[in-house]
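Engineer: Below: one structure in structure tokens.
Just so it is clear, none of the values below were taken in a lab; they were calculated from the coordinates. As the structure is a prediction and not an experimental result, all values here were calculated from the model. So basically every Cβ, Gly included, is an ideal-geometry build from the backbone, and we count neighbours across all protein chains shown.
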């Protein structure tokens, strides 16, 4: 797993834990939903400033976005996480 995938999976994991859809996360970060999707799929290379914005929006420390164990858990999340936030 490369760094971009690690960051993406952890972003998805913590967004899911906060029960946020990509749309809600986009509003909070001021990023476009397409960019968030690219991040979560590991296809984006966010700047350090954007990584800070992500961690602030998720209310976590930046280091948590690079945790391999959490990323492994995130791989087990459904592809469309937002569908599962309506409990």
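Engineer: Does segment 1-40 come out rounded, prolate or oblate, given a ≥ b ≥ c as the square roots of the eigenvalues of its C-alpha gyration tensor, rounded meaning a/c under 1.5 and, failing that, prolate meaning a/b above b/c?
Structural biologist: It comes out oblate by the Cα gyration axes.
Engineer: Further question on the same structure: I'd like to compare 29-39, 2-12, 66-76: which one has the highest average count of other Cβ atoms within 10 Å, and what's the full order after that?
Structural biologist: With the highest mean Cβ count within 10 Å placed first, the list reads 2-12, 29-39, 66-76.
Engineer: Per the helix-only calculation at 222 nm, which mean residue ellipticity applies to the chain, given -39500 (n - 2.57) for every DSSP H run of n ≥ 4 and division by its residues, nearest 500 deg cm²/dmol?
Structural biologist: One gets -16500 deg cm²/dmol as the mean residue ellipticity at 222 nm.
Engineer: What is the chain's relative contact order, in percent, from Cα pairs under 8 angstrom and six or more apart in sequence?
Structural biologist: 46 percent
Engineer: Pop a pseudo-label 7 angstrom from the Cα along the beta-carbon direction at both residue 77 and residue 43 and give the gap in nm to one decimal.
Structural biologist: Using points 7 Å along Cα→Cβ, the separation is 1.7 nm.
Engineer: Also, I was wondering about something else. Kindly identify the chain as rounded, prolate or oblate by the Cα gyration tensor criterion: order the square roots of the eigenvalues as a ≥ b ≥ c, call it rounded if a/c is under 1.5, otherwise compare a/b with b/c, prolate if a/b is larger, else oblate.
Structural biologist: Judged from the Cα gyration tensor, the chain comes out rounded (a/c under 1.5).
Engineer: According to a simple spin-label model (label point 7 Å from Cα along Cα-to-Cβ), what is the distance in nm between residue 32 and residue 66?
Structural biologist: Those two pseudo-labels are separated by 2.8 nm.
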